[in-house]
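Presented below is the structure to which this report refers.
The values are calculated or read from the model by the stated rules, or taken from the named source; none is laboratory data. The structure presented is a predicted model; accordingly, all values stated were derived computationally and were not measured. Here the Cβ is made from the backbone with ideal geometry for all residues, glycine too, and neighbour counts use every protein chain on show.
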Amino acid sequence: MNIKRLCLLPITMLLSFSLTAQDIEPLETRLDTLENNVISLDKALKRLSAFRISGLLQGELQHGQPDASLRIGAPNESSDKSFNRFGMRRARLTFAYSEKIAFTSIQLEFIESGIETRNLLFGLRDPWTYRNDFTAGIFIIPFGHEAGISNPILESPERSTMIQSLFPGERDLGGMFTLRAPENHSLNFITMNFAITAGNGMNRETDNQRNFIARLRAQKSIGTDISWIAGVSYYSGKVHNPTGHFYELSGTSFNKVVNNATGTYMKREYFGLNAEFKLNSSVGETTLRGETIWGTQPGTASSSRSHSYNRLPENIDANALYKRPFTGYSLFFIQRISESPFSTVVKYDSYDPNTGLAGNQIGAEDSMTSATDLWRNVLGLGLSYEPTAQIRLLGYYEIISNEKSSLIEGYSTDRKDNAFTLRVQYRF
């Protein structure tokens, strides 16, 4: 080897090492970039998994006796004949997002009369136990049990008469605290709710009054086959009276009380108790559930339903408030048939809007009473078939009875208002 080649050898080796290093460096850069992209993608997937879209569709065929009030379609066109209706009872679309300390939910409901906002809320959880939270917006009221059962899993087509009367829509506008002990605490099975609401259902607020709701709820399992729930609830609110007078029950009639002041308020107060017991056995899951509510309900001459309006009512006598003592209850027996997709349900609910009067005391001359003061009982018998978690077929027959008064037209005998519902439900 000559001296020239000997001198070029280290230079060649140095250049070769330099080129090799240049080839390696872009590869490392690409690996770093790929790692960063994977980390970014993982973060994006975690955020995406916190976002959820769910939906519900309920189609129905209903058949009713001549006096029945079906929940779909127009009223009976022939008052002396049975009738049937086919339609969509409801369709819902829910958008929800939840992270460790924050959550939000928007739920839209599509019904025959249009689109309604059901849930419109956001909330914050405590960053230590993640078991205590504050919710604000339009949310399900924390009272009792049945009002809070989600429609897709409700065993009957509709809620009990007392729930529909006292809590139309089962929701209200306001703020709510939910308090629970840490999971490792001996009282971790107890939940407390406190809410301040507008008291106007899902409609906008119309006055400067606030309603207070409190609920204490316990839920526990005994082994793998037994579980129970028990709760007590309280509701205190006020209802706007647009007139300068109201009606108060005295003896067997309502007396007109003149206060010469418009825009006053009448107290709305409820007390509630509820309990549930579940047992898994060789015959399937058996559920027993009961709930009762009693108190004072301000209503009008024509309705005992809770007020839910977009604007304050006019100052006319038809809108004057009637102070009524009420009581209501519901009882459920649900039996899943062994491991099959079939379940049976027996439900009995009762609502008496005026416990101070009975029978022919209602409708008497100068008593200021009407059909609004009559009780209503419903016995429901149902069979459901759930071949998958998304599909449910429900057949449900309601035997409806009412309080009778020979002094009120149409109520001297039991009304012919029984109804049958065949529902197809799909959720995703």
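Structural remarks
- Some residue of region 298-320 being buried (at least 18 other Cβ atoms within 10 Å of the Cβ), aromatic (Phe, Trp, Tyr) and in contact with a Ser or Thr (Cβ under 8 Å, 6 or more places away or on another chain): no
- Residue list for region 321-351, restricted to those being crowded, with 19+ Cβ neighbours inside 10 Å and either in a loop (DSSP other than H, G, I, E, B) or polar (S, T, N, Q) (or both): 321, 330, 343, 350
- Residue under evaluation residue 70, criteria (1) in contact with an Asp or Glu (Cβ under 8 Å, 6 or more places away or on another chain); (2) outside any strand (DSSP E or B); (3) among the aliphatic types (A, V, I, L, M), criterion not met: (1)
- Count of region 341-363 residues which are aliphatic (A, V, I, L, M) and touching a strand residue (DSSP E or B) at 6+ places or on another chain (Cβ under 7 Å): 2
- Number of the condition not met by residue 360 [criteria: (1) surrounded by fewer than 19 Cβ atoms within 10 Å (Cβ to Cβ); (2) among the polar types (S, T, N, Q); (3) at pLDDT 95 or above]: (3)
- Taken together, the criteria exclude residue 149 from residues that are closer than 30 Å to residue 396 by Cβ, crowded, with 16+ Cβ neighbours inside 10 Å, at pLDDT 95 or above and aliphatic (A, V, I, L, M).
- Qualifying positions in region 204-225 - polar (S, T, N, Q) and touching a strand residue (DSSP E or B) at 6+ places or on another chain (Cβ under 8 Å): 206, 209, 211, 219, 221, 224
- Any hit, region 380-396, residues being out of contact with any Lys or Arg (no Cβ under 7 Å at 6 or more places or on another chain), farther than 24 Å from residue 153 by Cβ and touching a residue at least 40 places away in the same chain (Cβ under 8 Å): no
Matching residues to (1) of a type in the set (A, V, I, L, M); (2) under 20 Å from residue 378 (Cβ atoms):
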| residue | (1), (2) |
| --- | --- |
| 291 | no, yes |
| 298 | no, no |
| 337 | yes, no |
| 344 | no, yes |
| 348 | no, yes |
